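The structure's right below; bear with me while I get my questions together.
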Amino acid sequence: MVIIETEHLILRNYKPADFNNVFAYFSNEEVSRYEDFDPMSEAQVRSLIDEWQAMDNRLVAELKSDGIVIGSIGYWTDEEGHHCIDYDFNPAFGGNGYATEAGKALVSYLFETLELPAIYGDCDVENTASWKLLERLGFQRVQRLDQQSYKNDLDGNPILISTYLYERKRSNPK
């Protein structure tokens, strides 16, 4: 179990009681617009929580003030062994710096606790909020990848997009 505390947030593992808050953003069209998923159904969110609650690389961001879960943040490992961060936050809580606060805490955890040498992130070039967040977190844009596909249209055809790939290296690698 992972618990990371910041000034305003607690980053922690998922639990079934988070359903309503998590459903509020994972079912949101604005949140899924740039993601590899469409707005999720109640059954999909319940399944996600069931799967992710035991995973220490998938965390929720809970407001310390009132216990509301306002987002999800975590990391995964790609086919090449790179550790990549990802995040989704409820737009109703945007503009308060919570994604930046959560991102800084996760990056610190990955470098200091897990001692990763580098962390990666990617996002649709049109997702300005996401690439600006990565840049606030100290990531450097290293590449633009065109003709990427993360999901399909209603007819099953790949939706092609361009993405930015970002990297941040640990400043004092061991």
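For region 39-77, how many residues meet the condition of being basic (Lys, Arg), over 15 Å from Ala105 (Cβ atoms) and exposed (fewer than 15 other Cβ atoms within 10 Å of the Cβ)?
Residues meeting the conditions: 0.
Moving on. Residues in region 136-148: is at least one part of a helix (DSSP H, G or I), modelled with pLDDT of 95 or more and out of contact with any Cys (no Cβ under 7 Å at 6 or more places or on another chain)?
yes
Can you tell me which residue within region 89-123, out of those that are closer than 27 Å to Leu160 by Cα and touching a His at 6+ places or on another chain (Cβ under 7 Å), is surrounded by the fewest Cβ atoms within 10 Å (Cβ to Cβ)?
Tyr120
Could we say that Glu126 is over 19 Å from Gln140 (Cα atoms) and either among the hydroxyl-bearing types (Ser, Thr, Tyr) or touching a residue at least 24 places away in the same chain (Cβ under 8 Å) (or both) here? Let's see the steps before the verdict.
Numbers: over 19 Å from Gln140 (Cα atoms): no; either among the hydroxyl-bearing types (Ser, Thr, Tyr) or touching a residue at least 24 places away in the same chain (Cβ under 8 Å) (or both): yes.
So Glu126 does not fit the description; no.
For region 52-73, enumerate the residues that are within 19 Å of His83 (Cβ to Cβ), polar (S, T, N, Q) and part of a loop (DSSP other than H, G, I, E, B).
Once the filter is applied, which keeps residues that are within 19 Å of His83 (Cβ to Cβ), polar (S, T, N, Q) and part of a loop (DSSP other than H, G, I, E, B), region 52-73 yields only Asn57.
Take the residues of region 69-120 that are more than 14 Å from the chain's Cα centre (by Cα) and among the aromatic types (Phe, Trp, Tyr): which is farthest from Asn28 (Cα to Cα)?
Taking the candidates together, the pick is Phe111.
Which of the residues belonging to region 74-106 are within 11 Å of Leu9 (Cβ to Cβ) and part of a loop (DSSP other than H, G, I, E, B)?
Asn96, Gly97
Does region 124-166 hold any residues that are within 17 Å of Ile85 (Cβ to Cβ) and crowded, with 16+ Cβ neighbours inside 10 Å, and which are they?
Asp124, Asn127, Ser130, Trp131, Leu133, Leu134, Leu137, Phe139, Thr163, Tyr164, Leu165, Tyr166
Can you tell me how many residues in region 29-51 are within 15 Å of Thr128 (Cα to Cα) and either assigned to a helix (DSSP H, G or I) or at pLDDT 90 or above (or both)? Outline the logic, then answer.
Keep residues of region 29-51 that are within 15 Å of Thr128 (Cα to Cα), which gives 30-35.
Filter once more, keeping what is either assigned to a helix (DSSP H, G or I) or at pLDDT 90 or above (or both): 30-32.
Result for region 29-51: 3.
The values are calculated or read from the model by the stated rules, or taken from the named source; none is laboratory data. These numbers were taken from a predicted model, which means no experiment stands behind them. Virtual Cβ from ideal backbone geometry, glycine too; neighbours counted across all protein chains shown.
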